[in-house]
Amino acid sequence: MIKFIACDLDDSLLDRSGKISPENKAAIKLVREKGIGLTIATGRMFQSAAAFARELGLDEEQPLICYNGALVQRLSGETLYHEPLPTAVACKLAEHARANDWVINAYLNDELYVQRWDEHAARYATTASVDVKVVPNLAEFMRKGEMEPAKLLVTTPPEEVSERIVQIRTLAGDFVQIAQSREDMIEITRSGVHKGKALLRLVESMGLDMSEVMAIGDSSNDLTMLEMAGLGIAMGNAGPEIKNAADYVTLSNGDHGVAYALNKYVLGKS
């Protein structure tokens, strides 16, 4: 029996315009009325994810999984779990990005920092509805403040993703976990940090077992939680690797796939 649900945001719960559809909201309301817990599990910042959680009417005590699992924090602001990148590793990657003219985001104390303002920063700020702080030399800034980012994100032309991942691995070795939320985004967290691990910690803290959990997602950063949950649901718009790892495939995010999955596998509606 499903007692808890973890759902990804982008390209899963959110439709193609970045909104939660009325159909998804209605299904989530019915699930919560049955006493089944639900949280958001996302690569996004806490402040960005919190806005959607409040739109769904989630309780202030509800923990959210953010930064691909690097941060678990209640809507009230209480941090339950935080495992950021070590300063030295983050600085090495930021220096490499600056030397090679890569677009890189650093997430420090739930604020977004970039090395220059450009169309990528503008688009991200608009999509996530967050402010952006420009720091010309991120490595110097983080080193001086001994700051540890929850995540680094490298925006990359899709055809260069594989090569850049090789470079990141060469620089950081086993100190980092690498995932993709979209074809042009390389997301970097501390080694061993991922949505599945964060979800497991959260579920165990509630006295539940992962066999009682449903996880819904579409991208490689959702893979661990889909594999670890008792019921893994891939979105219809997910890639082959994600669909193959899931127990079931629902409709796409443009067709209210989250609502379809909740209705079929939790609420018992056809």
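Each reported figure results from applying straightforward, stated rules to the coordinates on display, with no laboratory input. All values derive from a computational prediction rather than experimental measurement. Glycine also receives a Cβ, built like all others from the backbone with ideal geometry; neighbour counts cover every protein chain displayed.
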Exercise. Relative contact order of region 87-190: what whole-number percent is it, with Cα pairs under 8 angstrom and at least 6 residues apart?
Worked result: 30 percent
Exercise. Say the dipole of the chain comes from +1 at the beta carbon of Lys and Arg and -1 at that of Asp and Glu; which of LEU56, GLY173, LEU152 then lies farthest toward its positive end?
Worked result: LEU56
Seminar exercise, completed: With Cα springs under 10 Å, the Gaussian network model of the chain assigns the largest mean-square fluctuation among GLU187, GLU111, GLU78 to GLU78
Exercise. Taking the Cα centre of the chain as origin and charging only Cβ (+1 Lys, Arg; -1 Asp, Glu), how large is the dipole, in debye to the nearest 20?
Worked result: 320 debye
For this session: Please check which bits of region 74-113 a label hung off GLU163 would reach, taking the label as a point 7 Å along Cα-to-C-beta and the cut-off as backbone N under 14 Å.
Result: 100-102
Exercise. How large is the dipole of region 87-190 about the Cα centre if only Lys and Arg carry +1 and Asp and Glu carry -1, each at its Cβ, rounded to the nearest 20 debye?
Worked result: 240 debye
Exercise. Using the 10 angstrom Cβ neighbour count as an exposure proxy, how do VAL130, VAL213 rank, fewest first?
Worked result: VAL130, VAL213
Exercise. With springs only between Cα atoms under 10 Å, which of MET45, MET185, MET235 fluctuates most in a Gaussian network model of the chain?
Worked result: MET185
Exercise. Applying the Karplus parametrisation 6.51 cos²θ - 1.76 cosθ + 1.60 with θ = phi - 60° to the phi angles of region 98-106, what ³J(HN,Hα) value in whole Hz is obtained for each residue in order, glycine and proline being reported as x?
Worked result: 5, 5, 10, 6, 7, 8, 9, 10, 10
Problem set entry | the chain, relative contact order in percent, only Cα pairs under 8 angstrom and at least six apart counted | 21 percent
Exercise. Along region 255-267, what does the Karplus equation 6.51 cos²θ - 1.76 cosθ + 1.60 (θ = phi - 60°) give for ³J(HN,Hα), rounded to whole Hz, x for Gly and Pro?
Worked result: 10, 6, x, 5, 4, 4, 5, 5, 4, 7, 9, 10, 8
For this session: Quick one: divide the alpha-carbon radius of gyration of the chain by 2.2 N^0.38 Å and tell me what you get.
Result: 0.97
Problem set entry | Charge tally in the Cβ shell below 10 Å around GLY230, where Lys, Arg are +1 and Asp, Glu are -1, GLY230 excluded | -2
Problem set entry | Under DSSP loop assignment and at most 16 Cβ neighbours within 10 Å, longest trypsin sites (Lys or Arg not before Pro)-free interval of the chain | 117-268
Exercise. What ³J(HN,Hα) values, in whole Hz, does the Karplus curve 6.51 cos²θ - 1.76 cosθ + 1.60 give for region 184-194 when θ = phi - 60°, with x put for Gly and Pro?
Worked result: 10, 10, 9, 10, 10, 10, 4, 3, x, 8, 7
Exercise. For the chain, what is the percent of antiparallel DSSP beta bridges, rounded to the nearest 5?
Worked result: 60 percent
Exercise. At a Förster distance of 45 Å, what's the computed FRET efficiency of LEU30 paired with SER191, Cβ-Cβ distance as r, to 0.05?
Worked result: 0.70
Problem set entry | Distance violations [Cα-Cα > 21 Å] among LYS29/LYS243; LYS25/LYS133; LYS3/LYS269; LYS34/LYS269; LYS3/LYS25; LYS195/LYS264 | LYS29/LYS243; LYS25/LYS133; LYS195/LYS264
Seminar exercise, completed: The answer for LEU75, listing residues at least 5 apart or on another chain whose modeled amide H is closer than 5 Å to its amide H, is GLN62, LEU64
Exercise. Pick from THR127, THR155, THR189: which is most flexible by mean-square fluctuation in a GNM of the chain where alpha carbon atoms under 10 Å apart are linked?
Worked result: THR127
